[in-house]
């Protein structure tokens, strides 16, 4: 990745996180990371600096059922898992941190599945 591209991506992610923190200070956030081959999500409590719950397409349960981890079906399953784990940990309301990614495709599928599992954002 070129230096200019890296700076643009970093700047975009920083801008999104700044807006989240200024609009909802102290809120717990659902952070999503997507690569070409996998997707992962974490529920993070920034005030304590702890990860409350996490889910990834690299987990054994998902690797066995899906041959390709880079599809919307897998993203929806990860969203369902993160929603269930967060609700089990007592977290119901979060802010959605998409980082430098656009809210479409696999990211949207993950978010919709997390909402169906009980998270509000």
Test residue 90 against the stated conditions and say whether it is modelled with pLDDT of 95 or more and either more than 17 Å from the chain's Cα centre (by Cα) or surrounded by fewer than 17 Cβ atoms within 10 Å (Cβ to Cβ) (or both).
yes
Some residue of the range 14-29 being surrounded by 11 or more Cβ atoms within 10 Å (Cβ to Cβ), touching a residue at least 12 places away in the same chain (Cβ under 8 Å), closer than 27 Å to residue 87 by Cβ and touching a helix residue (DSSP H, G or I) at 6+ places or on another chain (Cβ under 7 Å):
yes
Failed item, numbered, when residue 11 is tested on (1) closer than 17 Å to residue 102 by Cβ; (2) free of Cβ contacts under 8 Å to residues at least 12 places away in the same chain; (3) under 13 Å from the mean Cα position of the chain (by Cα)
(3)
Tell me whether the range 61-72 contains one or more residues that are out of contact with any strand residue (DSSP E or B) (no Cβ under 7 Å at 6 or more places or on another chain), touching a residue at least 24 places away in the same chain (Cβ under 8 Å) and either at positive phi or in a helix (DSSP H, G or I) (or both).
yes
Counting only residues that are within 14 Å of residue 28 (Cα to Cα) and surrounded by fewer than 16 Cβ atoms within 10 Å (Cβ to Cβ), the range 100-121 contains a total of 1
Of all the residues that make up the range 93-121, how many are part of a helix (DSSP H, G or I) and closer than 17 Å to residue 44 by Cα?
4
From 40, 56, grab the single residue that is in contact (Cβ under 8 Å) with a residue 24 or more places away in the chain and within 21 Å of residue 108 (Cβ to Cβ).
40
Kindly evaluate residue 80 against the criterion of being modelled with pLDDT under 95 and either assigned to a helix (DSSP H, G or I) or surrounded by fewer than 13 Cβ atoms within 10 Å (Cβ to Cβ) (or both).
no
Odd one out for residue 97 among (1) closer than 15 Å to residue 121 by Cα; (2) within 15 Å of the chain's Cα centre (by Cα); (3) exposed (fewer than 13 other Cβ atoms within 10 Å of the Cβ)
(3)
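The values are calculated or read from the model by the stated rules, or taken from the named source; none is laboratory data. Keep in mind the model is a prediction, meaning the values are calculated, not measured. A quick note on method: Cβ atoms are made from the backbone with ideal geometry, for glycine too, and the neighbour counts reach across all protein chains shown.
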